[in-house]
Structures are given as structure tokens and as C-alpha cells.
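I'd like to ask some things about the structure below.
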């Protein structure tokens, strides 16, 4: 059974408020402003544990550090190739691992898709240049 400590609540609240797919370092920096006594190791451990148990989504974005998402529903991500911002890509139609043909004796457990593009702010800057 996991304990619901003050530190865990603080880390999770900060992650939800950030809502920008932050890295563990970004979460730590924000938490540390409100709670200077919290250690980096504690923040990293909490994020890893919560992702392992499914309370958070750990996302591996190509060409970037590991990030965390407070949303655990099925959705994908897009990363701006200019500034690195990460956004959510909503599924228009559900997907199911049963719809794919995997090699014999393979059992797929999770599917991950990432997109790369350019965010609206970077597109405007690029068009002005």
C-alpha cells in the first residue's frame, strides 16, 4: 500500500497544475519553490513510483528527456521540433492492440506513438522571419 504523504500530494498537485508534460527536473524546480526542504531524489522517486503504478503517464518523447503527464487516458503526443514544447494528440477513433498482427508468441502490452511538428508560436515566428 502506498502512503499518501504531504510530499507526494505536493508533487502531484504541481504536476497537474503545470499540465505541460514536464520533465522530473521541471517538476522538482517548481516544487522546490514551495517546499525548499524537499530533495530532488524524493521528487524523482515519487514521479517514478506514480508512473509505475499508473497514476501518472511517463512519456518518452524522441529527442527529449523523459517527461510526465497527469493524464492517463489513451492519447498521444506531439513535440515541436523548434522549441521542444509537447502537446496532446487526441484519438478520433479508439485503438486496441487486438487490431494489430504481432509475430507469434509476442504479447503487446502498450502502444506508444509520437508526432513531431511545429507549434503555433514557432510557426508564427518562422513566418515573420
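The values are calculated or read from the model by the stated rules, or taken from the named source; none is laboratory data. Predicted model only: the values in this text are computed from it and were never measured. So basically every Cβ, Gly included, is an ideal-geometry build from the backbone, and we count neighbours across all protein chains shown.
Among (1) at pLDDT below 95; (2) buried (at least 16 other Cβ atoms within 10 Å of the Cβ), where does residue 31 come up short?
(1)
Can I ask one more? Is at least one residue of the range 58-74 on the phi > 0 side of the Ramachandran plot and surrounded by 15 or more Cβ atoms within 10 Å (Cβ to Cβ)?
No, the conditions are met nowhere in the range 58-74.
Still on this structure, I have one more. Select from the range 114-129 the residues that are part of a loop (DSSP other than H, G, I, E, B) and surrounded by 12 or more Cβ atoms within 10 Å (Cβ to Cβ) and list them in ascending order.
Residues satisfying the conditions are 118, 119.
Please verify whether the range 45-57 includes one or more residues that are at positive phi, out of contact with any helix residue (DSSP H, G or I) (no Cβ under 6 Å at 6 or more places or on another chain) and surrounded by 13 or more Cβ atoms within 10 Å (Cβ to Cβ).
no
Regarding residue 83, is this residue in contact with a helix residue (DSSP H, G or I) (Cβ under 6 Å, 6 or more places away or on another chain), loosely packed, with under 15 Cβ neighbours inside 10 Å and touching a residue at least 12 places away in the same chain (Cβ under 8 Å)? It would help to see each step written out before you state the result.
On the way: in contact with a helix residue (DSSP H, G or I) (Cβ under 6 Å, 6 or more places away or on another chain): yes; loosely packed, with under 15 Cβ neighbours inside 10 Å: yes; touching a residue at least 12 places away in the same chain (Cβ under 8 Å): yes.
The answer is yes for residue 83.
If you take the residues in the range 1-22 that are surrounded by 17 or more Cβ atoms within 10 Å (Cβ to Cβ) and under 15 Å from residue 70 (Cα atoms), which one is nearest to the chain's Cα centre (by Cα)?
Checked the range 1-22; the qualifying residue nearest to the chain's Cα centre (by Cα) is 21.
If you check every pair at least six apart or on different chains, which have Cβ atoms under 6 Å apart with a residue in the range 64-78 that is more than 12 Å from residue 26 (Cα to Cα) first and a residue that is buried (at least 18 other Cβ atoms within 10 Å of the Cβ) second?
Close Cβ pairs (under 6 Å, with a partner that is buried (at least 18 other Cβ atoms within 10 Å of the Cβ)) amount to 69/21; 69/57; 69/59; 70/15; 72/57; 77/59; 77/86.
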